[in-house]
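Data block below; observations after.
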Amino acid sequence: MSIEGIDCQPTAQGLRVFRAADFRVSNGANLGDPVADATEMMLDDIYQLDPNARSWRLSVSAADGLSHLTVAEGAQLGSVGAEVHLDCCATFMAPDGAIVEALVMIELEPGTQMIAATYLLPLADLRPRTDYALVTVDTDAPRAKFAGLACVSFTRGTHIAMASGEQRRIEDLRIGDRVLTRDNGIQEVRWIGHHTVRATGAFAPIVLAPGAMNNYNELRLSPNQRLFIYQREDRLNAGRSEVVVKAELLVNGDTVTRSDGGFVDYYQILFDNHEFIFAEGIATESLTVDTRTSPALPREVQDKLGITPATRGARNRPDPFDIGEGMLDSAIAADILRRASSL
């Protein structure tokens, strides 16, 4: 079976990274050196995060047909359009036995293969003044690790609106089930992914309390997942009624929070095209296949569905306005959008 025109719309993803210079070897063979590419790192070196270090937003997008990422508009670091490569996945161990995985990302000088900058993307929280021993360096794992981070996911127990009107828990969905979508009516599920991860750092789910965005029940989403809002009144001055916003940009510490700790079951849903489906009553996006996310799909699934990160399905209306970081104060974002869609 081959599906034509599968939607692979590239969207910028905001990553919270540290500059390499903020994570240095405090004891070991590379004493004083910042974290570097896999060829330079030595096992058993002890690293520490600078107490004055701050995380920066590195926005990346997946260029069609290319194996690398590029720096996107809105980044606090890097040169827009520059190539960014996932060099390795480094695993560190703290004195208490806690394990922290981190991706080393390399930005190249435009038009060259020279390293312009090195960034560290921790997949769990790094604490300053803590010794982290380097225990493994894996150059095969970074794409799969990053794909798990990039995939938009629902958590176990989330109710999805079916074609029949039934509200079915996501873990009970099966391939071929017919789901109600906002733009394209009834669509069949083509693939369902599931993985369990530690709910820490970049993998900690965003929790919307009942009613926070006019959702029926509590809704837990991956941070990068976007919600669709139809503004009955353009309170954002976006110039259009249809807008989308990532769940993490709505965190206000009250009605929208980040749930850090323990483990979380994440589920991904794939259709013929990128869709907005109804989760707990509100429109939320399904999985998009692109350079970032395709490694999360088994090879046989990609081959069966004819998936290539090069084309996108057509919409019969303009794309919704994507609310980026800094465009709306997170303390009031959820309230403004809820009111705009409730009038």
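The values are calculated or read from the model by the stated rules, or taken from the named source; none is laboratory data. The model shown is predicted, which means the values in this text are computed figures rather than measured ones. Neighbour counts are summed over all protein chains in view; Cβ atoms, including those assigned to glycine, are modelled from backbone coordinates with ideal geometry. Accessible surface is based on the protein model in full, side chains and every heavy atom, while ligands, DNA and RNA are left aside. Shrake-Rupley method; radii C 1.70, N 1.55, O 1.52, S 1.80 Å.
Restricting to region 232-263, name every residue that is closer than 29 Å to Leu149 by Cα and polar (S, T, N, Q).
Listed by number, the residues that qualify are Asn252, Thr255, Thr257, Ser259.
When the residues of region 189-204 are filtered to those that are assigned to a loop (DSSP other than H, G, I, E, B) and open to solvent by less than 30 Å² (accessible area, probe 1.4 Å), which remaining residue is nearest to Arg174 (Cα to Cα)? Explain how you work it out, then say what you get.
Let us first name the residues in region 189-204 that are assigned to a loop (DSSP other than H, G, I, E, B), namely 189-190, 199-200, 204.
Now drop any that are not open to solvent by less than 30 Å² (accessible area, probe 1.4 Å), which leaves 189, 199, 204.
Working: Val189: 7, Ala199: 25, Ala204: 26 Å.
Applying the filter and picking the extreme gives Val189.
Just wondering, is there one or more residues in region 43-53 that are within 18 Å of Val137 (Cβ to Cβ), buried (at least 18 other Cβ atoms within 10 Å of the Cβ) and among the acidic types (Asp, Glu)?
Taking every residue of region 43-53 in turn, at least one turns out to be within 18 Å of Val137 (Cβ to Cβ), buried (at least 18 other Cβ atoms within 10 Å of the Cβ) and among the acidic types (Asp, Glu).
Among (1) in contact (Cβ under 8 Å) with a residue 40 or more places away in the chain; (2) part of a loop (DSSP other than H, G, I, E, B), where does Ala117 come up short?
(2)
Could you tell me which numbered condition Val207 fails, if it satisfies all but one of (1) in contact with a strand residue (DSSP E or B) (Cβ under 9 Å, 6 or more places away or on another chain); (2) open to solvent by 70 Å² or more (accessible area, probe 1.4 Å); (3) more than 12 Å from Phe278 (Cα to Cα); (4) outside any helix (DSSP H, G or I)?
Tallying (1) in contact with a strand residue (DSSP E or B) (Cβ under 9 Å, 6 or more places away or on another chain); (2) open to solvent by 70 Å² or more (accessible area, probe 1.4 Å); (3) more than 12 Å from Phe278 (Cα to Cα); (4) outside any helix (DSSP H, G or I), Val207 fails exactly one: (2).
Residues Glu101, Glu107: which one is out of contact with any helix residue (DSSP H, G or I) (no Cβ under 8 Å at 6 or more places or on another chain) and not in a loop (DSSP other than H, G, I, E, B)?
Details: Glu101 fails: out of contact with any helix residue (DSSP H, G or I) (no Cβ under 8 Å at 6 or more places or on another chain).
When all the criteria are applied, what remains is Glu107.
On the given criteria, is Gln76 touching a Phe, Trp or Tyr at 6+ places or on another chain (Cβ under 7 Å) and assigned to a loop (DSSP other than H, G, I, E, B)? Outline the logic, then answer.
Details: touching a Phe, Trp or Tyr at 6+ places or on another chain (Cβ under 7 Å): yes; assigned to a loop (DSSP other than H, G, I, E, B): yes.
Judged against the criteria, Gln76 is a match.
Restricting the search to region 144-182, which residues are more than 30 Å from Leu58 (Cα to Cα), open to solvent by 30 Å² or more (accessible area, probe 1.4 Å) and either hydrophobic (A, V, I, L, M, F, W, C) or within 13 Å of the chain's Cα centre (by Cα) (or both)?
Selection gives Ala163, Ile175, Leu180.
Does Leu123 meet the test of being open to solvent by less than 60 Å² (accessible area, probe 1.4 Å), under 30 Å from Gly28 (Cα atoms) and modelled with pLDDT under 95?
Details: open to solvent by less than 60 Å² (accessible area, probe 1.4 Å): yes; under 30 Å from Gly28 (Cα atoms): yes; modelled with pLDDT under 95: yes.
It is true that Leu123 is open to solvent by less than 60 Å² (accessible area, probe 1.4 Å), under 30 Å from Gly28 (Cα atoms) and modelled with pLDDT under 95.
Within region 128-187, can you find the residues that are aliphatic (A, V, I, L, M) and over 27 Å from Phe18 (Cα atoms)? Write out each step before concluding.
Here is the first cut: in region 128-187, the ones aliphatic (A, V, I, L, M) are 133-135, 137, 141, 144, 147, 149-150, 152, 160-163, 170, 173, 175, 179-180, 186.
Of everything in region 128-187, those that are aliphatic (A, V, I, L, M) and over 27 Å from Phe18 (Cα atoms) turn out to be Ile160, Ala161, Met162, Ala163, Ile170, Leu173, Ile175, Val179, Leu180, Ile186.
What's the number of the only condition in (1) buried (at least 16 other Cβ atoms within 10 Å of the Cβ); (2) at pLDDT 90 or above that Ala62 fails to meet?
Among (1) buried (at least 16 other Cβ atoms within 10 Å of the Cβ); (2) at pLDDT 90 or above, Ala62 violates only (2).
Counting just the residues of region 158-176 that are assigned to a loop (DSSP other than H, G, I, E, B) and touching a strand residue (DSSP E or B) at 6+ places or on another chain (Cβ under 7 Å), which one comes out nearest to Ile282 (Cα to Cα)? Reasoning before the result, please.
Within region 158-176, the first condition is being assigned to a loop (DSSP other than H, G, I, E, B), and the residues that meet it are 158, 163-166, 173-176.
With touching a strand residue (DSSP E or B) at 6+ places or on another chain (Cβ under 7 Å) added as a condition, the list becomes 158, 163, 173, 175-176.
Numbers: Thr158: 11, Ala163: 15, Leu173: 18, Ile175: 22, Gly176: 22 Å.
Checked region 158-176; the qualifying residue nearest to Ile282 (Cα to Cα) is Thr158.
Just to verify a result, which residue in region 100-114, among those that are touching a residue at least 24 places away in the same chain (Cβ under 8 Å) and open to solvent by 40 Å² or more (accessible area, probe 1.4 Å), is farthest from Thr200 (Cα to Cα)? Talk me through it step by step, then tell me what you get.
The first filter runs over region 100-114 and keeps only residues touching a residue at least 24 places away in the same chain (Cβ under 8 Å), leaving 100-110.
Checking which are open to solvent by 40 Å² or more (accessible area, probe 1.4 Å) leaves us with 101, 109-110.
On the way: Glu101: 11, Glu109: 33, Pro110: 34 Å.
The residue in question is Pro110.
Could you go through region 214-221 and let me know if any residue there is modelled with pLDDT under 95, assigned to a loop (DSSP other than H, G, I, E, B) and among the aromatic types (Phe, Trp, Tyr).
yes
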